[in-house]
Amino acid sequence: MTVNPKLSVITIVYNNAKDIERTMLSVLNQTYTNIEYIIIDGASNDGTVDIINKYKDRLAIVVSEQDRGIYDAMNKGLALATGDYVLFMNSGDEIYAPETVTDVFSSAAAGDIYYGETEMFDENWKSLGQRRHRAPEHFDWHSFKFGMNVSHQAIYIKRSLTEPYDLQYKYSSDIDWIIKAAKKSSNVVNTHLYVAKYLVGGMSKKKHLASLTERFKILSHYYGIIPTVINHIFIAFNLAQYFIRHRRTND
C-alpha cells in the first residue's frame, strides 16, 4: 500500500483562455500536496499560454505544441506522468472542492480505481445539478452497458493499469480507455463524494452523432452487438423520460 500516493493531474487545452485559469486553480488549490500537475497545450494563440505561464513554477510539466487531436494530447500527458494514479481534468472542468483529492484517497486504502459523482455546469458556470447518469454503487468494466455513468473527470485510475488512448476513436476513446483499465482492476472504490465539476458542451457534444457512433462501436466490441442494440433501447427510453421531466439531458 502506498501512503500518500502521488496523483498526476493532466489538463489538456487549446485556445481556452476563458476557462483555463479556473481549472488550474481547482488543481493548484488542493489541500492534498502530492500532486504532479501536467498541462498539455495544443499551441494556443489566444492568450491561454500566458495564463498557464503565470503558474509555471507550480506546474510539473508544460508542453505547448500542435497535436493530432484530444486523445493524442492525452497520450502525451499520460506518457509524461510519473504518479501512482492519473486524473484527467480538461480545461473548463474542475476538481470539485479544495479538499476533494484528500477525501478521495482517505475514502479507502490502495484502490485500483476511485470514482465519484459529477456536477454539471453551463457555459456561464451555472449549476445544472447532478449528471443524468449517476455513478453506480459498484463499478466494474460491465458498468458502461447503459451509458457512461462515471465521467472521465470523476475517475482516478492507478497509472500501472492504464494504456494509451486508442487514436482510432476521435470522440469516445475515453470510454474504451476506462473499460480497459476496469477490466484489470480488482479493487474499485466508490468514494460516495462529488469529485468533479463538468462544463457541458465539449467535443463529444459538438460532434454528437459521430461520438454516439463511436460509442456504439466500442460498447459492441466489449458487450456484443445484439446486447448493445437492446441496451440502447433502454438508454433512449431513459433519456426521453429524463428530458420530458427536466427539459435537458445532463449527459
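The values are calculated or read from the model by the stated rules, or taken from the named source; none is laboratory data. Just so you know, these numbers come straight off a predicted model, no measurement behind them. Every residue, glycine among them, receives a Cβ derived from its backbone with ideal geometry; neighbour counts consider all protein chains shown. Quick note on the areas: whole protein, heavy atoms, side chains included, nothing else; ligands and nucleic acids left out. Shrake-Rupley method; radii C 1.70, N 1.55, O 1.52, S 1.80 Å.
A few notes on this one:
- S127 passes every criterion in (1) hydroxyl-bearing (S, T, Y); (2) over 17 Å from the mean Cα position of the chain (by Cα); (3) open to solvent by less than 40 Å² (accessible area, probe 1.4 Å) apart from (3).
- Among the residues here, S204 does not qualify as at pLDDT below 95, open to solvent by 50 Å² or more (accessible area, probe 1.4 Å) and closer than 22 Å to G116 by Cα.
- Where K217 falls short, out of the listed (1) open to solvent by 80 Å² or more (accessible area, probe 1.4 Å); (2) modelled with pLDDT under 90; (3) of a type outside the set (D, E): (2)
- With respect to (1) of a type outside the set (D, E, K, R); (2) farther than 22 Å from D103 by Cβ; (3) more than 20 Å from the chain's Cα centre (by Cα), the lone exception for L78 is condition (3).
- Only strands (runs of 3 or more DSSP E) whose full extent lies in segment 1-75 are considered here, and the ones with at least 2 residues that are open to solvent by less than 20 Å² (accessible area, probe 1.4 Å) are 7-13, 35-41.
- Out of I235, I225, I178, sole residue that is surrounded by 15 or more Cβ atoms within 10 Å (Cβ to Cβ), modelled with pLDDT of 85 or more and of a type in the set (A, V, I, L, M, F, W, C): I178
- One residue stands out in segment 153-172 among those that are touching a strand residue (DSSP E or B) at 6+ places or on another chain (Cβ under 6 Å) and buried (at least 21 other Cβ atoms within 10 Å of the Cβ): the one that is farthest from I95 (Cα to Cα), namely K158.
- Residue within segment 91-103 that is of a type in the set (V, I, T), open to solvent by 30 Å² or more (accessible area, probe 1.4 Å) and outside any loop (DSSP other than H, G, I, E, B) present: yes
- Flag set for L78, criterion: aliphatic (A, V, I, L, M) and either open to solvent by less than 30 Å² (accessible area, probe 1.4 Å) or part of a loop (DSSP other than H, G, I, E, B) (or both).
- Annotation note: of F146, F139, the sole residue that is under 25 Å from I230 (Cα atoms), aromatic (F, W, Y) and surrounded by fewer than 17 Cβ atoms within 10 Å (Cβ to Cβ) is F146.
- Among the residues listed as Y165, Y85, Y71, the single one being touching a helix residue (DSSP H, G or I) at 6+ places or on another chain (Cβ under 9 Å) and under 23 Å from T48 (Cα atoms): Y71
- The set of residues in segment 154-172 that are at pLDDT 95 or above and either small (G, A, S) or under 22 Å from P5 (Cβ atoms) (or both) comprises A154, I155, Y156, I157, K158, R159, S160, L161, T162, E163, P164.
- Scope segment 1-17; condition modelled with pLDDT under 95 and over 15 Å from T100 (Cα atoms); matching residues: M1, T2, V3
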